[in-house]
Amino acid sequence: MSITITPTSATLGAIVTDVNLSALDDAQWPTIEDAFHQYGLLIFPGQHLDGQAQIAFARRFGDLEILVEDMTSIPVSNKDEEGELLEDDSFRMQLLMGNEGWHTDSSYVHLAAKASVLSAHVVPKQGGETEWADPRAAYDALDEATRKRIADLAAYHSYFYSQAKIGHKVAVGEAYGFFEGEPPLRPLIKVHPVTGRPALYIGRHAGQIPGFDLPESEKLLDELMTFICQPPRTFMHRWTPGDVAVWDNRCLLHRARPYDHREEREMIHTRIKGEVASETSLNG
């Protein structure tokens, strides 16, 4: 049976069925890779991958990022190591709550991520979905005056900046991916290294635009974010345990949706390292 790829009703994303990711073979891979480049987001219902199978699937897309303490996959969970629910004011919960803002993974380090794989293991009764937005389609829909205005602009991407906006002060070294020194500077318009398609490359980590004061920078970036994150350029997935999603950080934004933190939510996240030629910051 051939792989079935069903596009969503949005400008991004497709649901992929009739495939077993644990037994994916080389003959099937080009179909998935082509769909990944076309749709930006692929959702595979009911896969129930174990840790090694998820890592093997992620490696199909490239080398993996080391996320924390030599780990290439990490639990995204509201429970601590003893199995207790985290308090909302705990450091880890503040990081999770930050993920409820639109972002692209690892834009705040000098080598941004290529892609991310996320699998669902325990989900709350309501909420806790993941939503994606399509900055490619947003760029296509921009008026010419705005395209010209932002054509040569760039913004600094900082995790310290984005967490501070939700009232969370982060110290250097407290969590993975942080660095000292100047944050990465990235163009507001990114051309995809495979498809050649331009997209707006911003998100919650983007703050100061060189040549603009901070209020002026934030106003422009907020206007662009609002423009991006409108139907039909958004898609939200309600997770069922066993579902797997992979998305292209080079051209999409995503965010977690709120849920009752007194209910358990556990996902497993694996991140694919970006290629140096295309994902290194302007000042990296």
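Bear in mind these aren't lab numbers, they're just calculated from the coordinates by the rules spelled out. As the structure is a prediction and not an experimental result, all values here were calculated from the model. Virtual Cβ from ideal backbone geometry, glycine too; neighbours counted across all protein chains shown.
With loop defined by DSSP as not H, G, I, E or B, and exposure as at most 13 other Cβ atoms within 10 Å, which is the longest segment of the chain clear of exposed GluC sites (Glu not before Pro)? By the stated rule (loop sites, at most 13 other Cβ atoms within 10 Å), 181-284. Here the stretch 4-274 is assigned +1 on the Cβ of each Lys and Arg and -1 on the Cβ of each Asp and Glu. Its dipole about the Cα centre then comes out at about 840 debye. Within the chain, the longest run free of trypsin sites (Lys or Arg not before Pro) that sit in a DSSP loop with at most 15 other Cβ atoms within 10 Å is 1-124. Neighbour counting of Cβ atoms within 10 Å sorts the residues PHE235, PHE91, fewest neighbours leading, into PHE91, PHE235. Fewest-first ordering of HIS254, HIS37, HIS205 by other beta carbons within 10 Å of each residue's beta carbon gives HIS37, HIS254, HIS205.
The residue among THR280, THR195, ALA112 whose Cα reaches farthest toward the positive pole of the charge dipole of the chain, with charges on the beta-carbon of Lys, Arg, Asp and Glu, is THR195. Expressed as a whole percent, the proportion of Cα-Cα pairs in the stretch 1-129 lying more than 23 Å apart is 42%.
Listed by Cβ neighbour count within 10 Å, with the fewest neighbours leading, CYS251, CYS229 appear as CYS229, CYS251. For ASP260, what is the net charge nearby, where nearby means another residue's Cβ is under 12 Å from its Cβ and Lys, Arg count +1, Asp, Glu -1? So the environment of ASP260 carries a net charge of +1. Taking the helices alone, the chain has a mean residue ellipticity at 222 nm of -6500 deg cm²/dmol, built from -39,500 (n - 2.57) per DSSP H run of at least 4 residues and averaged over all its residues. Expressed in Å, the radius of gyration and Dmax of the Cα atoms of the stretch 4-274 are 18.1, 55.
Which whole-number percent is the relative contact order of the stretch 4-274 (Cα, under 8 Å, 6+ apart)? List each step's numbers first, then the result.
Working: 543 pairs, mean separation 101.3, N = 271.
Relative contact order here is 37 percent.
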